[in-house]
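The values are calculated or read from the model by the stated rules, or taken from the named source; none is laboratory data. Being a predicted model, the structure only gives us computed values, none of them experimental. A quick note on method: Cβ atoms are made from the backbone with ideal geometry, for glycine too, and the neighbour counts reach across all protein chains shown. Surface accessibility is based on the protein's heavy atoms, side chains included, excluding ligands, DNA and RNA. Shrake-Rupley method; radii C 1.70, N 1.55, O 1.52, S 1.80 Å.
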Amino acid sequence: MGVVFGVLGPVTAWDAAGDPIALKGPRHRAVLARLIVARRRVVPVGLLVDDLWDVPPEGAVGAVRTFVAALRRALEPGRPPRTPSRLLVTEGPGYALRAGPGQVDAWWFEEAVSDAAGLPPDRAQHLLDEALGRWRGPAYADFAEEPWARAERSRLAELRLHAVERRAQARLDAGLAAETVPDLDAHVSEHPWREAGWRLLALALYRTGRQADALAVLRRARGILAGQLGLDPGPELRRMEADVLAQAPELDRPTEPESAAARLWTRAAADYDRTVAAGARARLESTVGLLRDLALSGGGGLEATREHRPAAVAAAEEFGDPELTARVIGAYDVPAIWTRSDDPEGARRIVEAAERVLPRLPAGPAHDATRARLLATIALEMRGTRSPRGPEAAAEAEAMARDLDDPAVLAFALNGAFMQSCTRAGLAARRDAIGAELVGLSARHGMATFEVLGHLVRLQARSALGDFAAADGHAAAADQLAERHERPLVGVFTRWYEALRLAASGRAPVTEMEAAYRAAAETLDGAGMPGLSDGLLPFALLSARMLGARPLDPRDPAHGEPFEVDLADDWGPYRPWAEPLALLDAGRDGEAGAALHALPEPPADLMYEATCCLEAAAALRLGDPPALRSGRDRLRPAAGELAGAGSGLLTLGPVDAWLARLEAAVGA
């Protein structure tokens with residue numbers, strides 16, 4: 001996690017070991033606090049000066065810079081001299097603190113309160129206990145009088161009171177009414193205007209058999225509200241008083257549906273454990289179904305599934321039953337939208353197991369559906385590998401699935417075909433057709449997850465084709481389905497699409513594009529998708545700078561300005577394509593040429609055209625004829641498309657502009 005910042009109390013910071021960091025004087029802490037209030041946005045130096053002093057002294061700007069330098073030394077003591085800060089950055093006219101959501105206690109607190117709303121009562125209670133335990137005093141306690149902190153202090157104070165009441169509700173729903181009464185009594189005494197607190201206290205008293213006390217509390221609330229604020233109780237308090245007088249049955253049970261679901265899960269799991277033998281094959285197949293649902297639940301579920309799925313396949317092989325093994329492998333038909341594997345080693349093991357069992361399946365149509373699922377699995381797991389086996393398995397699975405009257409198998413096979421549809425540039429129309437069939441097939445047969453997949457596939461394809469009106473519709477449809485069916489990871493892709501949409505508009509300044517990409521990157525924290533996240537943000541930021549610098553403007557004889565490619569960033573799998581540009585920026589043209597010629601063909605994934613453009617940009621700056629021709633030939637099938645937009649994440653502008661520049665350079 002690195003440095004953690006605390007503002008739920010006096011402003012402070014802790015290092016990775018949990019030890020306090022010396023932040024020097026009050027103005028140093030004020031600068032830090034002001035940047036945290038800005039929530040990763042840039043605060044101009046002039047505004048910092050105005051916020052730090054009522055009457056700025058001479059040399060105030062220099063003093064702010066001194067404070068920032070001291071903070072950087074304190075926060076990043078191991079940073080080599082003259083290297084840029086990764087945390088407290090200089091950007092444009094000022095400074096920004098690039099802390100992650102988990103690095104500021106207030107931001108973590110907000111996320112925890114939000115997450116608790118969707119949890120069963122016992123888990124919500126524990127999370128809210130931890131969240132409220134982070135408070136060490138009033139927020140930004142040492143800057144209580146500062147105008148720039150006032151709104152944030154008020155907002156956090158209100159959120160804390162909401163968390164206290166939400167925790168009380170969770171305790172009530174968990175059947176802990178008696179234990180909740182003392183805390184709620186203290187809460188309404190300190191905050192008598194909180195009608196929600198009075199309602200919860202009355203409910204807690206009623207559920208402990210104290211009907212008279214519940215009525216007395218409601219009447220005390222009425223008197224305080226009328227006497228101190230001149231207000232009548234709101235509708236919820238009035239309804240609570242009527243329900244208590246009527247002894248309404250709904251007061252006797254938890255009102256939140258998660259409670260019933262949690263109790264049902266616990267009872268069913270206990271019955272399953274008691275009834276089904278520990279070594280039964282049924283347990284193994286049930287486990288695969290559970291893993292499938294777990295993978296669709298969000299980032300933590302994806303990570304757990306990657307760990308357990310190969311183990312489930314290995315356990316199936318131990319039975320020596322090829323049909324069981326085939327069912328266990330093929331039952332994991334989780335829709336996949338990103339064409340780079342999150343776990344290449346685990347994928348390899350799944351493919352090897354599928355290939356082992358395929359020839360052992362009995363011949364005949366009775367096993368065609370199982371065989372098609374195995375082939376679709378191979379196609380999915382071999383995404384981006386450039387092995388001929390991937391497209392071959394995809395084609396076999398699709399052909400076999402079309403002969404079966406099984407829409408679920410066909411949807412799974414179409415997903416495999418999509419994963420193998422990035423072998424060259426210019427295949428957006430092919431992917432759009434796959435997405436359209438998925439949407440129609442899934443809508444007809446009630447397969448919501450594959451319907452979401454189809455909309456996301458079409459979002460990507462229509463973006464590549466420059467049809468953003470259609471892409472907007474698919475993004476909205478995917479979000480609506482995700483909300484209805486609890487598919488939280490869909491929002492990662494639609495949020496990135498928003499950033500792409502902004503960049504493709506051609507109207508946003510570079511700083512605005514970069515801010516949109518940074519905000520989108522935050523959705524990847526904890527999403528459990530390293531195949532998507534590794535190296536993506538540096539690539540996206542570079543794409544914004546390249547668009548802003550107009551590197552393809554034919555009037556620019558220098559073939560574009562340097563793009564500030566820093567290899568110290570986490571470029572992940574895209575580093576080989578970033579390296580020639582970084583070397584050119586450093587004036588090391590000979591090494592850049594060698595790195596350019598060492599590049600392999602880009603992986604067969606949705607970033608194919610985008611990586612081709614990085615290669616072309618280096619070739620243009622070097623004037624390297626073989627690389628220029630290679631870039632032209634690779635990009636030519638995508639003429640008329642937007643380079644990189646088929647990813648649904650970023651773009652480097654029209655492919656036609658790149659081709660025109662490459663053609664001109666080759667002709668020269």
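Couple of notes before you dig in:
- Computed over segment 310-386: relative contact order in percent, which uses C-alpha pairs under 8 Å that are six or more apart: 40
- Overall, the chain carries a charge dipole of about 500 debye about its Cα centre when +1 sits on the Cβ of Lys and Arg and -1 on the Cβ of Asp and Glu, all other atoms neutral.
- Tail weight of P(r) past 19 Å, computed on alpha-carbon pairs of segment 1-117, percent: 46
- The helix-only estimate of mean residue ellipticity at 222 nm for the chain, built from DSSP H runs of length n ≥ 4 each weighted as -39500 (n - 2.57), is -20000 deg cm²/dmol after division by the residue total.
- The mean sequence distance of close C-alpha pairs (under 8 Å, at least 6 residues apart), as a share of the length of the chain, puts its relative contact order at 8 percent.
- Local electrostatic count at THR83 - Lys and Arg +1, Asp and Glu -1, tallied over other residues with Cβ under 10 Å: +1
- Segment 333-374: proportion of alpha-carbon pairs further apart than 16 angstrom, %: 48
- Accessible solvent surface per residue of the chain, calculated while the other protein chains remain in place, 1.4 angstrom probe, Å²: 44
- P(r) weight above 18 Å for segment 308-441, C-alpha pairs, percent: 51
- With the simple spin-label model, which puts each label point 7 Å out from Cα in the Cβ direction, the ALA304 to SER189 separation comes to 4.1 nm.
- Electrostatic bookkeeping for LEU225 treats Lys and Arg as +1 and Asp and Glu as -1; over the other residues with beta carbon under 13 Å from its beta carbon, the sum is +2.
- Distance from the alpha carbon centroid of segment 621-662 to that of segment 456-473 works out to 19 angstrom.
- Amide proton proximity set for VAL104, modelled H, under 5 Å, gap of 5+: PHE5
- Subtracting the Cα-Cα distance of GLU146 and GLU392 from 0.36 nm times their residue separation leaves 81.9 nm of extension gain.
- Kirkwood estimate for the chain, i.e. one over the average of 1/r between Cα atoms, Å: 28.7
- Interchain or long-range residues, amide H under 5 Å from ARG79's placed H: none
- Applied to segment 428-437, the Karplus parametrisation 6.51 cos²θ - 1.76 cosθ + 1.60 on θ = phi - 60° returns per-residue 3J(HN,Hα) values of 4, 5, 4, 5, 4, 5, 4, x, 4, 5 Hz, with x for Gly and Pro.
- For segment 188-243, the spread of Cα positions along each principal axis, largest first, Å: 31, 23, 16
- Under 5 Å between amide hydrogens, built in the peptide plane, is the criterion, and for VAL11 it picks out ALA141, ASP142 among residues at least 5 positions away or on other chains.
- A cut-off under 12 angstrom between Cβ atoms defines the neighbours of ALA314, and their net charge, with Lys, Arg +1 and Asp, Glu -1, is 0.
- To put it simply, the accessible area of segment 397-451 at a 1.4 Å probe is 50 percent carbon and sulfur.
- Stretch in the chain that is longest and holds no trypsin sites (Lys or Arg not before Pro) that DSSP places in a loop and that have at most 11 other beta carbons within 10 Å: 83-506
- Within the accessible surface of segment 97-244, defined with a 1.4 Å probe on protein heavy atoms only, the carbon and sulfur portion equals 51 percent.
- Binned Cα-Cα distance frequencies in segment 421-520 - 5 Å width, integer %: 2, 14, 22, 21, 20, 12, 6, 2, 1
- Phi angles across segment 637-653 convert, under the Karplus curve 6.51 cos²θ - 1.76 cosθ + 1.60 with θ = phi - 60°, into 3J(HN,Hα) values of x, 9, 3, x, 9, 9, 4, x, 5, x, 6, x, 10, 7, 8, 10, x Hz, Gly and Pro given as x.
- ³J(HN,Hα), Karplus 6.51/-1.76/1.60, whole Hz, each residue of segment 390-403, x for Gly, Pro: x, x, 5, 5, 4, 5, 5, 4, 5, 4, 5, 5, 5, 7
- Here's the picture: charge each Lys and Arg Cβ at +1 and each Asp and Glu Cβ at -1 in the chain, and of LEU119, TRP108, SER387 the one pushed furthest to the positive end of that dipole is TRP108.
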